[in-house]
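Take a look at the structure set out below.
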Amino acid sequence: GDSVTQMEGPVTLSEEAFLTINCTYTATGYPSLFWYVQYPGEGLQLLLKATKADDKGSNKGFEATYRKETTSFHLEKGSVQVSDSAVYFCALMIYNQGGKLIFGQGTELSVKP
Amino acid sequence: IAGITQAPTSQILAAGRRMTLRCTQDMRHNAMYWYRQDLGLGLRLIHYSNTAGTTGKGEVPDGYSVSRANTDDFPLTLASAVPSQTSVYFCASRDRALTGELFFGEGSRLTVL
């Protein structure tokens, strides 16, 4: 079935370090791909998305490129800040399944000053 | 402030009791969803509704029921709570079932003893 796999956390980085959070997916159709972020005590918020192969989503310094050949959508940021500490979720949506989102297990990021 | 309101924020419940988690949105979104979030498992879809008057089962529907009598409200009911239903529950909505950003409430933390 359709699924999303993320690298396990927690990930701990120093401020200004480079961030990569790996995400790979399995899907029978042509999914749209998303990254959501959950700050402590809050619900999830959309961070970025890509709807077709080779699209790059970007927001708040974060980027992810939809790689169909490797079925991946890795999240990157060149220089993380303490305020980026949160849980990050990769997700996919397949339109012929009613647009339901399938989430990965989440990766906790902790950025130290 | 427009958005999704969930209630209660937190609840401790004895096993066997009935519980309804409330969800109200004021964005006039057509589609609404209930997810549960468990450590290491990410978010899993319980039930969804693509429009008022219709509902559907998600990935983990057993032990839960929903109703969608109008556009704004989407309550989730546990008829007879069990300890495995201890989780954080998130309600979400979006304008249309197949497109659009998913907006999340702040969650309801439920503990079943």
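The values are calculated or read from the model by the stated rules, or taken from the named source; none is laboratory data. Keep in mind the model is a prediction, meaning the values are calculated, not measured. Counting neighbours? That spans all protein chains shown, and the Cβs are built from the backbone with ideal geometry, glycine included. Note: areas computed on protein heavy atoms with side chains; ligands, DNA, RNA excluded. Shrake-Rupley method; radii C 1.70, N 1.55, O 1.52, S 1.80 Å.
For segment B:1-23, a residue qualifies if it is among the hydroxyl-bearing types (S, T, Y) and out of contact with any Cys (no Cβ under 8 Å at 6 or more places or on another chain), and the qualifying residues are B:T9, B:S10, B:T20. Within segment B:1-50, take every residue that is over 14 Å from B:F103 (Cβ atoms), assigned to a loop (DSSP other than H, G, I, E, B) and within 11 Å of chain A (Cβ to nearest Cβ) and give me the one that is farthest from the chain's Cα centre (by Cα). Filtering segment B:1-50 for residues that are over 14 Å from B:F103 (Cβ atoms), assigned to a loop (DSSP other than H, G, I, E, B) and within 11 Å of chain A (Cβ to nearest Cβ), the one farthest from the chain's Cα centre (by Cα) comes out as B:G40.
A:G29 satisfies every condition listed in (1) in contact with a helix residue (DSSP H, G or I) (Cβ under 9 Å, 6 or more places away or on another chain); (2) within 14 Å of chain B (Cβ to nearest Cβ); (3) surrounded by 14 or more Cβ atoms within 10 Å (Cβ to Cβ) except (3). Only residues that are touching a Gly at 6+ places or on another chain (Cβ under 6 Å), polar (S, T, N, Q) and within 24 Å of A:E16 (Cβ to Cβ) were counted in segment A:80-113, giving 1.
Here the condition is being within 14 Å of chain A (Cβ to nearest Cβ) and hydrophobic (A, V, I, L, M, F, W, C); of B:F104, B:F74, it holds for B:F104 alone. Yes or no: A:D84 touching a Phe, Trp or Tyr at 6+ places or on another chain (Cβ under 8 Å) and away from chain B (no Cβ under 14 Å)? Answer is no for this residue. Pull out all pairs, ordered by first then second residue, where Cβ-Cβ is under 6 Å, the residues are six or more apart or on different chains, the first lies in segment B:29-40 and is open to solvent by 10 Å² or more (accessible area, probe 1.4 Å), and the second is outside any strand (DSSP E or B). These pairs meet every condition: B:H29/B:D95; B:N30/B:T51; B:N30/B:R96; B:G40/A:Q105. The residue of segment B:77-101 that is nearest to A:Y39 (Cα to Cα), among those that are within 14 Å of chain A (Cβ to nearest Cβ), out of contact with any Lys or Arg (no Cβ under 7 Å at 6 or more places or on another chain) and without any contact (Cβ under 8 Å) to a residue 60 or more places away in the chain, is B:T99.
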